[in-house]
Amino acid sequence: MVFSSINFIFYFLVIVIALYALVKGAYKNGVLLLSSLFFYFYGEGTLVIILVGTLLFSYYYARFIEKHRKPIYLFIGMVISFLPLIYFKYTSFILSNFGIIYHITLPLGISFFSFQAASYIIDVYREDVKASHSLVNYGTYLTFFGQLVAGPIVRYETIAKEVEKVRPYNENETYIGIRRFMVGLFKKCVLANMLGLIVSEMSAYDSGLILWMIAISEVLQLYFDFSAYSDMAIGLGLFFGFHFLENFDYPLMATSVRTFWQRWHISLGTWFKDYVYFPLGGSRVKPLRHIFNLLVVWLLTGLWHGAAWNFVLWGLYFGVLIILERYTPLRNLTKIKYVDHIYTLFVVIIGFVFFNHPDTLGYLAKMFDISSFIDPVSIYYLSSYGLFILIAFIGATPLIKRIYRKVICFKYFKYIEVIGIFALFFMSLAYLVGLGFNPFLYFRF
Amino acid sequence: MYKKFTIIVLAVIVLFISITTILNKNTVSYLERRHLASFPKVDLLDPDFYSDLDTYMSDHLLWRDSFIKYSSLANRYLFGFKDNHGVYSSDGYLFETAIEDDDSINDLIAKTNGLKDTYFKDQEVYFIAIPRKNDYTERYFPLDLRYDDIKDSLKDNLDMDYIDISDLLSLDSYYHTDIHWRQDKIEAVADYIVRSLGDEYSEVEGTYKTINDFKGSLYASSFYDVAPDQIDYLTFDETDISVYDLEKDAYVGVYDEGAIGHPDMYDVFLDGPSAYIHIENKKAPSDQKLIIFRDSFASSLIPLMIDSYASIDVIDLRYFNSSLLDTLELDQDAKVLFMYSLEFINKSGALR
């Protein structure tokens with residue numbers, strides 16, 4: 001089940017909120033846990049057993065490791081934690097390199113909940129948090145439907161206090177949660193889905209201009225889709241009294257590749273930083289070792305996003321750029337106003353060609369082929385879709401947020417905001433039904 | 001206060017939509033011209049049940065048609081789209097974009113030549129490609145499939161006589177909201193085809209009946225700036241005419257007035273999509289016989305030719321497997337006409 005579906009909005013959420021409101025105290029987490037397991041079962045059927053297995057293992061193993069803090073136990077814990085992920089996600093890829101075709105269905109969201117479970121065990125081992133002594137409370141954290149299948153990757157310490165206590169109804173936060181959810185729903189149903197449809201319609205053509213429009217639209221689609229899920233997760237979290245950290249911070253406004261990744265899927269970047277990069281020594285080592293550390297992190301980042309060589313290349317591409325920004329004159333480019341933005345956008349758009357097109361080199365060659373750059377079809381598509389792509393791009397900048405901050409002090413703005421919330425809701429529904437196009441991009445995560 | 005108001009009003013709206021969607025018993029969407037999904041068989045352990053449930057709920061959502069319209073209007077007036085799902089309007093008509101598919105065209109040529117060689121080697125065989133209405137608008141549209149672009153390819157490669165009807169049509173010959181041509185505007189086309197086949201044309205005498213509010217296949221994807229059409233169909237005395245539908249294994253009328261009020265009212269012509277229809281006219285002035293391989297365009301044309309032939313066999317190879325043609329016992333003296341629209345020629349994958 002996805003958030004941007006009729007069943008989720010009008011039935012699943014209604015029933016869960018009603019049950020959540022009806023039960024008292026500690027039972028509220030029980031409602032959330034059972035709802036989340038049903039939410040997963042609804043989409044994945046019997047593969048819910050993988051989620052339940054991860055839940056039970058990480059819960060009991062964290063309690064074990066809390067009492068037996070030895071590196072070997074941590075190592076064993078990590079191996080077991082990542083075993084399902086490695087099997088389901090990477091077996092087919094590994095075997096395909098030996099010419100063996102072996103299809104395995106990837107359980108939805110396994111990359112997210114495996115990383116959450118592993119981080120919990122590590123944090124308990126490091127004594128950053130205490131192991132939970134309630135399977136229901138811990139299960140509520142690990143399986144919460146709001147962030148189960150598309151993130152963000154929530155660390156246990158972020159909501160440990162909230163999940164372990166009774167969370168009273170808070171009207172203000174519910175309102176903010178609704179507002180955030182509606183923004184996310186609009187970003188997903190209108191902006192991301194429409195961009196996806198535009199990409200799909202233009203894909204039959206391959207003039208340079210169209211390929212550039214496709215590449216730009218794909219970056220925007222992924223941004224709006226992914227950040228929309230984070231918005232909706234944060235909004236849903238607030239409904240139920242959880243405060244998740246932000247996962248996106250206007251990444252397309254970044255002035256370097258390094259800062260782009262500090263703004264894009266922040267929870268994943270933080271995970272790799274805390275559990276891989278820093279343990280390897282981070283940047284406080286000799287340059288060659290630092291370069292090695294960065295390459296390891298970006299190799300893993302690429303593999304996290306998908307089990308295929310183009311994802312490996314995609315990760316290494318960004319890793320190499322970050323190394324160049326650190327150790328070569330490219331660093332200076334990231335300090336010149338406007339040039340830094342243009343440079344970053346350019347390399348990010350090119351980078352995501354690796355992500356979206358397995359035939360990356362062929363695609364890039366056509367993008368830069370001047371001889372067939374413009375034709376009547378590309379001009380038509382530019383004139384038809386150009387405004388939407390521009391609006392989407394503006395939507396990916398902090399401009400709306402800045403305007404919001406200026407007009408929020410206006411006396412009657414709160415009423416305009418309420419109208420806006422309903423407008424976003426109905427427009428999202430209109431596009432959800434009208435487009436008939438609602439792809440779920442996280443099937444490989 | 002306004003926060004509480006927002007939460008309560010939103011909750012009421014969501015509950016209202018939830019309940020009315022469950023209670024919605026509609027089975028047909030006239031706007032989308034399709035049957036809505038029916039409630040799936042409940043099997044909580046079957047993953048298909050949940051995906052079917054998603055489809056059902058989406059199909060039955062309250063205000064679904066309005067939502068579809070508003071999203072189209074937003075695309076046009078808010079975001080400046082020039083077409084909506086490949087449909088655009090010009091001169092008061094709706095047009096559909098298309099990309100020329102050479103593989104499909106070549107495939108159709110090969111299959112049609114193959115049928116001629118296998119079944120109709122010693123018969124007169126003809127081919128007609130029906131132009132799209134896009135051919136009759138002045139507006140230049142880059143994503144298009146033009147009659148003139150593929151006519152030569154068909155003429156050069158088909159091993160049969162080619163009849164060009166493009167000069168007999170105009171924009172006015174087509175519905176505003178549908179891809180098909182209008183029966184009341186193609187009498188001259190029927191006349192020309194029969195004479196091009198070397199036969200005598202006998203004009204059908206009758207009176208036109210009208211069906212209002214015909215929302216053609218392009219209507220749902222439009223920006224709703226073109227009004228629905230009306231269908232005019234020529235009715236006549238059918239006393240000496242028999243129309244046998246093989247799929248139904250029954251005799252049917254030339255027109256199926258039961259289709260009026262259904263999602264696709266174009267099905268009023270010749271019993272809608274049918275694999276094989278055999279028409280006999282006992283009062284035909286000659287014993288001329290015709291076999292037509294066709295798509296849906298022929299459904300409205302054939303009634304105009306009904307008085308010119310003693311029998312017409314109408315075969316739709318989307319629904320009838322060509323390897324079974326022998327079972328039909330087609331007349332060896334009949335002339336054979338392959339008549340397909342450009343849309344079909346460009347998407348001939350359904351040919352069996």
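The values are calculated or read from the model by the stated rules, or taken from the named source; none is laboratory data. These numbers come from a predicted model, not from an experiment. Backbone-built Cβ (ideal geometry, glycine too); neighbour counts: all protein chains shown. For accessibility, only protein heavy atoms count, side chains too; no ligands or nucleic acids. Shrake-Rupley method; radii C 1.70, N 1.55, O 1.52, S 1.80 Å.
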Of the residues that sit in the stretch B:95-152 and are under 20 Å from B:Ile163 (Cα atoms) and of a type in the set (Lys, Arg), which one is surrounded by the most Cβ atoms within 10 Å (Cβ to Cβ)? B:Lys133
Step by step: first the residues of the stretch B:1-26, then only those that are more than 11 Å from chain A (Cβ to nearest Cβ) and loosely packed, with under 12 Cβ neighbours inside 10 Å, then the one that is farthest from A:Gly177 (Cα to Cα). Which residue is that? B:Lys25
The stretch A:14-44, residues that are within 23 Å of the chain's Cα centre (by Cα) and within 14 Å of another protein chain (Cβ to nearest Cβ): A:Leu37, A:Phe38, A:Phe39, A:Tyr40, A:Phe41, A:Tyr42, A:Gly43, A:Glu44
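Here is a check on your reading of the model: is B:Tyr93 more than 8 Å from chain A (Cβ to nearest Cβ) and closer than 30 Å to B:Asp152 by Cβ?
It is true that B:Tyr93 is more than 8 Å from chain A (Cβ to nearest Cβ) and closer than 30 Å to B:Asp152 by Cβ.
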A:Leu74 fails exactly one of (1) open to solvent by 30 Å² or more (accessible area, probe 1.4 Å); (2) among the aliphatic types (A, V, I, L, M); (3) modelled with pLDDT under 95, namely (3)
For B:Asp164, are the conditions met, namely being surrounded by fewer than 19 Cβ atoms within 10 Å (Cβ to Cβ) and touching a strand residue (DSSP E or B) at 6+ places or on another chain (Cβ under 9 Å)? yes
Of the conditions (1) within 12 Å of chain B (Cβ to nearest Cβ); (2) open to solvent by 10 Å² or more (accessible area, probe 1.4 Å); (3) modelled with pLDDT of 95 or more, A:Leu195 fails just one. Which one is it? (2)
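Which one of A:Ile15, A:Ile9, A:Ile101, A:Ile65 is assigned to a helix (DSSP H, G or I) and either open to solvent by 50 Å² or more (accessible area, probe 1.4 Å) or of a type in the set (Gly, Ala, Ser) (or both)?
Criteria check complete, one pass: A:Ile15.
Only one residue in A:Ala118, A:Ala160 is surrounded by fewer than 23 Cβ atoms within 10 Å (Cβ to Cβ), at pLDDT below 95 and part of a helix (DSSP H, G or I), so which one is that? Show your work before the answer.
Values: A:Ala118 fails: at pLDDT below 95.
None of the other options fit; the residue is A:Ala160.
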For the list (1) part of a helix (DSSP H, G or I); (2) within 14 Å of chain A (Cβ to nearest Cβ), I need the number of the one condition that B:Gly80 fails. (1)
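Here's the yes/no breakdown for (1) free of Cβ contacts under 8 Å to residues at least 12 places away in the same chain; (2) among the aromatic types (Phe, Trp, Tyr); (3) on the phi > 0 side of the Ramachandran plot:
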{"residue": "A:Ile76", "(1), (2), (3)": "yes, no, no"}
{"residue": "A:Leu85", "(1), (2), (3)": "no, no, no"}
{"residue": "A:Phe88", "(1), (2), (3)": "no, yes, no"}
{"residue": "A:Thr91", "(1), (2), (3)": "no, no, no"}
{"residue": "A:Leu108", "(1), (2), (3)": "no, no, no"}
{"residue": "A:Ser119", "(1), (2), (3)": "no, no, no"}
{"residue": "A:Asp128", "(1), (2), (3)": "no, no, no"}
{"residue": "A:Val149", "(1), (2), (3)": "no, no, no"}
{"residue": "A:Ile153", "(1), (2), (3)": "no, no, no"}
Qualifying residue in the stretch A:354-376 (condition: farther than 27 Å from A:Met253 by Cβ, touching a residue at least 24 places away in the same chain (Cβ under 8 Å) and under 23 Å from the mean Cα position of the chain (by Cα)): yes
With the condition kept exactly as written, say whether any residue in the stretch B:330-341 is over 26 Å from B:Leu169 (Cβ atoms), among the acidic types (Asp, Glu), over 14 Å from the mean Cα position of the chain (by Cα) and open to solvent by 10 Å² or more (accessible area, probe 1.4 Å). yes
Given the structure, is A:Pro398 open to solvent by less than 60 Å² (accessible area, probe 1.4 Å), modelled with pLDDT under 90, away from chain B (no Cβ under 11 Å) and under 25 Å from B:Leu78 (Cβ atoms)? no
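Tell me which strands (runs of 3 or more DSSP E) are completely within the stretch B:232-304 and hold 3 or more residues being surrounded by fewer than 23 Cβ atoms within 10 Å (Cβ to Cβ) and in contact with a strand residue (DSSP E or B) (Cβ under 7 Å, 6 or more places away or on another chain), or say none if there are none. Full working, then the answer.
Numbers: elements: B:241-245, B:250-252, B:276-281, B:289-294.
Because the criterion is at least 3 residues that are surrounded by fewer than 23 Cβ atoms within 10 Å (Cβ to Cβ) and in contact with a strand residue (DSSP E or B) (Cβ under 7 Å, 6 or more places away or on another chain), the strands (runs of 3 or more DSSP E) in the stretch B:232-304 that meet it are B:241-245, B:276-281.
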Report the residue count in the stretch A:196-238 for those that are of a type in the set (S, T, N, Q) and closer than 30 Å to A:Glu171 by Cα. 2
